[in-house]
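Trainee: Please read through the structure below; I'll follow up with questions.
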Amino acid sequence: TKGTYRLFAEHAFDKLKSSGIFEGNYDFLTEGNIDADCTSNLGNGTIIPLDLRNNNVSQKGRTDTNVNIEVRSLGGSSSSVARNARYALLETLRIPKSDDAASIDVIQTDGIQVLNMVIFPDVNADIPIFGADLVSLPGNRHLIAIDLQPVRVSDKSENEGVVNLSAFHQKKLQKLHDKYSTIFEWGGDIPPKAQRFFSSYAIWTRLTGDDAVPIIQSDIWDVFCDYLDLYIDILKCTEALKSGDGVDEGEKVLKELHVGHKNYLDYRKENDPARPMLQSLYGKEWTERLIQSVLFPILS
């Protein structure tokens, strides 16, 4: 069986791998067999220790159902402004019977189903972060957030993020937001500390009811794919800024980018809403290692 969001995760990584802007799949490596070509990816979340790549426990009160988590990553190629991409996929899945071959292709939508996916640009690239949080909870409750998340803040307010894109990509992003914001109601107030990490182009919504899962598999799928495709094109068309060129404004932007990335990672680490759930499932020590060293690691 597959969870609600496995197709999302697999589609995204297939697109990233074929884009030419990401290198090999480093998540199968351990520190003992890393070659010289990928040592630079140590410590930035690209290389995932084997014991953090997967975990699973039985669902409380059930012997026929597991809650599995899978974490995967890709490193950006040396010729691109992509730093790394990673996803954490949590699925509540019934254990298939040995003689039930048909269950392999079944998509299971009940229980807890979560996809957290982030694509980080190089810290010297003045573009946003791709972020997708797709959460389905028992009781047919679903929280969806897909955005190109600001790194730098506005000159007007430290609580307002700025998405810096070319006029071409800005127009395309605006068209996507105009299209999907008419379909999905705004999901409610964003916590003040999180507001600067949401752009005005975010799709943030809550879904309930019997038609929620079909909507996720159709309209939310379209949002996810369209925002992802646009972000990949942005990565392909962007060049990193260079320091030491003597231009004061350029140096100012670089400093703001480095501070912005650090603030984003710090905020996500300190306020990860999945932390209590993950700790209850997999224990505090394993959860903290995952959050601190893989999901939102310190910038190297």
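Trainee: Can you list residue pairs whose Cβ atoms sit under 8 Å apart, with the first residue in the range 191-215 being over 26 Å from THR4 (Cα atoms) and the second being open to solvent by 20 Å² or more (accessible area, probe 1.4 Å) and of a type in the set (D, E, K, R)? Count only pairs 6 or more apart in sequence or on different chains.
Mentor: GLN195/GLU160; ARG196/GLU158; ARG196/GLU160
Trainee: Right, next: Among the numbered criteria (1) aliphatic (A, V, I, L, M); (2) modelled with pLDDT under 95; (3) surrounded by fewer than 20 Cβ atoms within 10 Å (Cβ to Cβ), which single criterion is violated by LEU257?
Mentor: (3)
Trainee: Kindly indicate whether ILE95 is open to solvent by 50 Å² or more (accessible area, probe 1.4 Å), over 21 Å from VAL223 (Cβ atoms) and of a type in the set (A, V, I, L, M). Outline the logic, then answer.
Mentor: Values: open to solvent by 50 Å² or more (accessible area, probe 1.4 Å): yes; over 21 Å from VAL223 (Cβ atoms): yes; of a type in the set (A, V, I, L, M): yes.
The answer is yes for ILE95.
Trainee: Separate question: Just the residues that are part of a helix (DSSP H, G or I), loosely packed, with under 12 Cβ neighbours inside 10 Å and modelled with pLDDT of 95 or more, please, taken from the range 176-210.
Mentor: Here is the first cut: in the range 176-210, the ones part of a helix (DSSP H, G or I) are 176-181, 192-197.
Going one step further and asking which of them are loosely packed, with under 12 Cβ neighbours inside 10 Å, we end up with 178, 192-193.
ASP178 - this is the single residue of the range 176-210 that is part of a helix (DSSP H, G or I), loosely packed, with under 12 Cβ neighbours inside 10 Å and modelled with pLDDT of 95 or more.
Trainee: On to the next question. Considering only residues that are in contact with a strand residue (DSSP E or B) (Cβ under 6 Å, 6 or more places away or on another chain) and open to solvent by 40 Å² or more (accessible area, probe 1.4 Å), which ones fall in the range 267-300?
Mentor: LEU281
Trainee: When the residues of the range 159-175 are narrowed to those that are hydrophobic (A, V, I, L, M, F, W, C) and not in a helix (DSSP H, G or I), which ends up nearest to LYS236 (Cα to Cα)? If you could, list the steps in order and put the result at the bottom.
Mentor: Quick first cut of the range 159-175, residues hydrophobic (A, V, I, L, M, F, W, C) only: 162-163, 165, 167-168, 173.
From the residues that got through so far, the ones that are not in a helix (DSSP H, G or I) too are 162-163, 165.
Values: VAL162: 20, VAL163: 17, LEU165: 13 Å.
Checking each candidate, the answer is LEU165.
The values are calculated or read from the model by the stated rules, or taken from the named source; none is laboratory data. Since we're looking at a predicted model, the values are computed, not measured. For neighbour counting, all protein chains shown are included, and Cβ atoms are generated from backbone atoms with ideal geometry for every residue, glycine included. Accessible surface areas use protein heavy atoms only, side chains included; no ligands, DNA or RNA. Shrake-Rupley method; radii C 1.70, N 1.55, O 1.52, S 1.80 Å.
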